[in-house]
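Enquirer: For reference, the structure I am asking about is given below.
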Amino acid sequence: MSDPNRQRTWLDWTPLASLFLALLAVFIVYFTESKSTPIDRLTLVVGYVILILLFFFGLMVLFAMAKGDIDLSLLLSEAGGGASISRFQLLLFTVVIAFSLFLIIIWTKKLPDVPAGILTLLGISASTYAVSKGIQASNPDMKKGGSEKTMTVKENQAPGEAKAEVKVTEMPVNKDDGSKG
């Protein structure tokens, strides 16, 4: 449970604020849309409530990332520690397409038909990521990037001095010298 002596911050009030705004949207739509049918008003109210709740859930996630509660340092890295091109490509395509569709919706005020080419590009990007994860899972040597050994150095060590440990990573060497035969 939570600590009763903890100082409450304005982030603790975010769920309550989202509930208040959702109720406010219900009252505004109910009293201003008297000409429309009840089902149209209900559809509009539910749409506003879902929009407000999603906005505040996203806002809470952004605040948690800003506070450091959600760690994004490994978002684009592989299991071995290197950068993942397939993860970066999937993230980039998704953000660009989502932002573009958001702008189209804002300008036209209606949901556009998504072209098959966009869905194909997203599918290719997602399948590239899935294939790279499958290759990683089937080849355990790729997870570490090489074999790691720890050696303890005891050269000219004075009594009471700490031991120095050195980690050495052996990477696979390409035997091809680049010459054409």
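The values are calculated or read from the model by the stated rules, or taken from the named source; none is laboratory data. Everything quoted here is computed from the prediction, not taken from an experiment. Neighbour counts run over all protein chains shown; Cβ positions are idealised from the backbone, glycine included.
Enquirer: Six or more apart or on different chains, Cβ under 6 Å: which pairs go from a residue in the stretch 61-73 that's in contact (Cβ under 8 Å) with a residue 12 or more places away in the chain to one that's surrounded by 10 or more Cβ atoms within 10 Å (Cβ to Cβ) and outside any loop (DSSP other than H, G, I, E, B)? Could you list them?
Expert: As it stands, the answer is 63/11, since those pairs meet every condition given.
Enquirer: Let me ask you something else. Being modelled with pLDDT of 80 or more and either in contact with a Phe, Trp or Tyr (Cβ under 9 Å, 6 or more places away or on another chain) or in a helix (DSSP H, G or I) (or both): is that true of residue 25 here?
Expert: no
Enquirer: Moving to a separate point now. State yes or no: is residue 82 of a type outside the set (A, V, I, L, M) and touching a residue at least 60 places away in the same chain (Cβ under 8 Å)? Let's see the steps before the verdict.
Expert: Values: of a type outside the set (A, V, I, L, M): yes; touching a residue at least 60 places away in the same chain (Cβ under 8 Å): yes.
Here the answer is yes, as residue 82 does meet what is asked.
Enquirer: Output the residues belonging to the stretch 66-83 that are of a type outside the set (Val, Ile, Thr), assigned to a loop (DSSP other than H, G, I, E, B) and at pLDDT 80 or above.
Expert: Hits for the stretch 66-83 are 68, 69, 71.
Enquirer: Now for a different question. Go through (1) within 30 Å of residue 30 (Cα to Cα); (2) at pLDDT 85 or above and name the single condition residue 45 misses.
Expert: Only one criterion in (1) within 30 Å of residue 30 (Cα to Cα); (2) at pLDDT 85 or above is unmet by residue 45, namely (2).
Enquirer: Which residues, taken from the stretch 20-78, are exposed (fewer than 14 other Cβ atoms within 10 Å of the Cβ) and aromatic (Phe, Trp, Tyr)?
Expert: Residues satisfying the conditions are 20, 27, 31, 55, 57.
Enquirer: Also, quick follow-up: Tell me, please, whether a residue that is assigned to a loop (DSSP other than H, G, I, E, B), in contact with a Phe, Trp or Tyr (Cβ under 6 Å, 6 or more places away or on another chain) and more than 30 Å from residue 13 (Cα to Cα) can be found in the stretch 110-122.
Expert: Of the stretch 110-122, the ones assigned to a loop (DSSP other than H, G, I, E, B) are 110-115.
Those still in the list that are in contact with a Phe, Trp or Tyr (Cβ under 6 Å, 6 or more places away or on another chain) too: none.
So far as the stretch 110-122 goes, no, none of its residues is assigned to a loop (DSSP other than H, G, I, E, B), in contact with a Phe, Trp or Tyr (Cβ under 6 Å, 6 or more places away or on another chain) and more than 30 Å from residue 13 (Cα to Cα).
Enquirer: If you don't mind, there's one more thing I want to ask. Among (1) among the hydrophobic types (A, V, I, L, M, F, W, C); (2) within 30 Å of residue 136 (Cβ to Cβ); (3) over 13 Å from the mean Cα position of the chain (by Cα); (4) surrounded by 11 or more Cβ atoms within 10 Å (Cβ to Cβ), where does residue 99 come up short?
Expert: The number of the failed condition is (4).
Enquirer: Kindly indicate which of 47, 80, 117 is more than 14 Å from the chain's Cα centre (by Cα) and within 30 Å of residue 139 (Cβ to Cβ).
Expert: Only one candidate passes the filter, namely 80.
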